[in-house]
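Undergrad: If you scroll down you'll find the structure; I have some questions about it.
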Amino acid sequence: MQKQNYTSTERALKLIVRSSVIVLTTVVLSKLLTWIYRVLIARFYGPESYGIYSILIMILSLFVTFGSLGFIDGLFRFVPKYIGENKKRYAKYLVNYSIFALIISGVISAILLYLFSDYFAIHLFKDIKFSRLLKIFSPLILVWMFSNLFLTLINSFEKIGWHSLLSDVLSNLSRLIIIIFLILIGFSRNAIFISYGLSLIILFIASYFVFRYFSSRILIGKKIPENVKKEIRKDFISYSWPVIFSGSIGKLNFWTDSLIIGFFLAPLQVGFYNAAVPIALLLHIIPELFYPLFLPLITRTIASKNNLVARDISKQLGKWIFMINLPIFLFLFIFPGVFINFIFGKEFLIAEYSLRILSVGAFISSFLYMSQRLLLVYGKSQVLLMNSIIAFISNIILNIILVPKYGIMGAAIATSSVWIVLGIIFTIQSSKFTSIISLRRNMITILLLSIIPLIIILVLRNLVVPSTVSIMLGGILFLVVYGILIYLFGLDKNDILILKAIKAKVISSTLKNKCFNAYNEK
């Protein structure tokens with residue numbers, strides 16, 4: 001039995017790694033395109049325009065989250081579950097029901113944004129003229145909402161490549177191409193809003209056609225009786241309604257710092273602060289590589305009553321996230337100014353200390369938030385709702401106390417503290433409800449091993465003036481020493497299995513290429 005579980009764990013980890021290679025390529029490209037887009041806004045239109053852009057996205061995303069009714073998160077759990085149980089007609093009914101409900105809620109959300117646009121313009125943008133901008137963008141709530149719906153369903157079908165290509169590459173690439181074109185022909189800062197709006201429409205159209213292609217092959221089956229439909233709706237809504245609030249509150253929690261900075265200070269400070277946030281969230285890229293397949297895979301594993309495999313996968317992924325993110329965190333913490341200056345320019349260096357503080361919270365939360373995904377899989381949406389409410393209230397109180405006194409650094413302290421505490425709460429609750437803690441003991445060994453290359457970097461920092469080139473060379477040196485130490489002392493049996501699988505794949509591909517070239521030469 002233990003050998004069977006081990007084989008299942010090995011297969012699952014290999015599948016996650018294979019999908020993660022696809023996601024890695026698209027996520028890295030996505031972050032690069034997003035950064036270029038943000039840098040163009042910051043450098044061509046200044047911190048204030050960058051702040052206005054951040055506030056606009058914040059407001060739209062909040063309305064999209066409220067309007068989604070928690071159904072999109074619910075579908076991500078129930079569709080893979082029904083497919084795994086060979087109840088595809090249940091999944092088909094649930095998708096059709098959700099589409100109908102979201103059309104109604106999306107229209108209501110768009111109307112509400114239109115009606116309250118004056119209020120947001122006065123209190124957040126500090127200028128009534130931005131009311132017109134919000135009115136123009138209000139219909140795009142439906143477009144954004146249904147793009148999320150189609151992308152989630154594509155992900156639920158385990159079409160990770162398509163999901164990553166659409167959400168990470170197409171939307172960001174189209175946005176970037178449009179804004180570059182508009183800048184070249186001399187557009188004002190309206191280029192920001194035109195490019196963002198058009199990219200949402202492009203993503204909606206593309207995701208719809210990809211969804212239709214796969215759904216016609218996967219969501220099949222005869223009609224189901226009314227009493228079964230009623231039971232499906234009951235289970236789905238009882239899971240989803242807490243997600244309405246936890247998702248909305250989670251989104252509010254994410255934007256609370258920017259909201260309160262905008263309320264107490266001005267869009268200019270929002271722009272400075274939002275230079276630090278995306279850099280700190282580099283530490284959430286690695287979890288993003290594993291999450292797209294983690295949730296459907298764990299859902300199927302638990303549905304098959306194979307809890308030991310679910311535990312092993314969770315622990316292993318928690319360790320991988322920690323091991324990969326540790327060097328990134330150390331460099332962000334030690335050299336925050338170099339990163340901000342390189343990406344956004346000297347004008348944004350005021351956010352240097354904010355980045356240092358945010359990187360601490362982002363690093364710790366990156367490997368602790370695996371427990372939150374486990375709670376979702378086990379259907380503990382009401383527990384997550386309570387967590388979100390507590391975190392949201394705490395974040396508001398801390399930001400209201402700290403922002404007026406310490407500015408954007410106060411917002412960073414508040415947000416980072418909430419991230420860390422919430423991660424700890426998720427871990428404790430995961431242990432209680434699922435008997436799984438997504439941490440391994442040898443993570444302590446990895447932390448201790450990082451001290452040696454860290455000392456080398458700290459010594460070099462005192463000898464060399466920090467610059468982009470010196471940081472890159474120092475990073476290479478750190479990774480070489482760190483990688484050797486991890487290889488010698490920090491790997492376990494699952495790591496070695498995955499490395500062997502990758503090595504075999506590389507050798508196989510190399511041999512195929514050599515044979516192909518030799519054949520062509522003949």
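Undergrad: Excluding residue 376 itself, what net charge comes from residues whose Cβ is under 11 Å from its Cβ, given Lys and Arg +1 and Asp and Glu -1? Present the calculation step by step, with values, prior to reporting the outcome.
TA: Details: positive: 77, 373, 380; negative: 73.
Charge balance in the 11 Å sphere: +2.
Undergrad: Can you sort 54, 435 by how many other beta carbons sit within 10 Å, fewest first? If you can, show how the numbers build up before the last one.
TA: Numbers: 54 24, 435 10.
Listed from fewest to most nearby Cβ atoms, that is 435, 54.
Undergrad: With θ taken as phi - 60° and the coefficients 6.51, -1.76 and 1.60, list the Karplus ³J(HN,Hα) couplings across segment 394-411 in order, rounded to whole Hz; mark glycine and proline as x.
TA: My calculation for segment 394-411 gives 4, 5, 4, 4, 4, 5, 5, 6, 8, 5, x, 8, 10, x, 5, 5, x, 5 Hz in order.
Undergrad: Calculate one ³J(HN,Hα) per residue across segment 34-48 by plugging θ = phi - 60° into the Karplus curve 6.51 cos²θ - 1.76 cosθ + 1.60, and present them in order as whole Hz with x for glycine and proline.
TA: 5, 4, 4, 4, 5, 5, 4, 4, 5, 7, 8, 10, x, x, 5
Undergrad: Quick one: net charge of residue 199's neighbours, Cβ under 13 Å, K/R +1, D/E -1? Before the final figure, lay out each step's value.
TA: On the way: positive: 175; negative: 168.
Local charge sum for residue 199: 0.
Undergrad: Looking only at Cα atoms, what is the convex hull volume of segment 30-186 per residue, in Å³? Walk me through the intermediate numbers first.
TA: On the way: hull volume 17.9 nm³, N = 157.
Enclosed volume per residue, from the Cα hull, is 114 Å³.
Undergrad: Fewest to most neighbouring Cβ within 10 Å: what's the order for 114, 53? Write out the running numbers ahead of the final one.
TA: Working: 114 16, 53 23.
Exposure proxy ranking, most exposed first: 114, 53.
Undergrad: May I ask you to evaluate 6.51 cos²θ - 1.76 cosθ + 1.60, the Karplus curve with θ = phi - 60°, for each residue of segment 412-423 and list the ³J(HN,Hα) values in order in whole Hz, giving x for glycine and proline?
TA: Using θ = phi - 60°, the values come out as 5, 4, 4, 5, 5, 4, 5, 4, 5, 4, 5, x Hz.
Undergrad: Please arrange 378, 406, 369, 119 by counting, for each residue, the other beta carbons lying within 10 Å of its beta carbon, fewest first. Mind showing how you got there, number by number?
TA: Details: 378 18, 406 15, 369 21, 119 11.
Least crowded to most crowded, the residues run 119, 406, 378, 369.
Undergrad: Shifting gears a bit: Count charges around residue 391 for me, please; just the other residues with Cβ under 14 Å from its Cβ, Lys/Arg as +1, Asp/Glu as -1. Mind dumping the intermediate values first?
TA: Numbers: positive: 251; negative: 257.
Combined, the nearby Lys, Arg, Asp and Glu give 0.
Undergrad: Students often forget the sequence filter, so: which aspartates and glutamates lie under 14 Å Cα-Cα from residue 493 once same-chain residues fewer than 8 apart are removed?
TA: Qualifying aspartates and glutamates at Cα under 14 Å: 10, 312.
Undergrad: Segment 369-394 to segment 143-157: how many Å between their Cα centroids?
TA: 22 Å
Since every read-out is calculated from the coordinates, none of them should be taken as a lab result. Only a predicted model underlies this, so the values are computations on that prediction, with no experimental measurement involved. Here the Cβ is made from the backbone with ideal geometry for all residues, glycine too, and neighbour counts use every protein chain on show.
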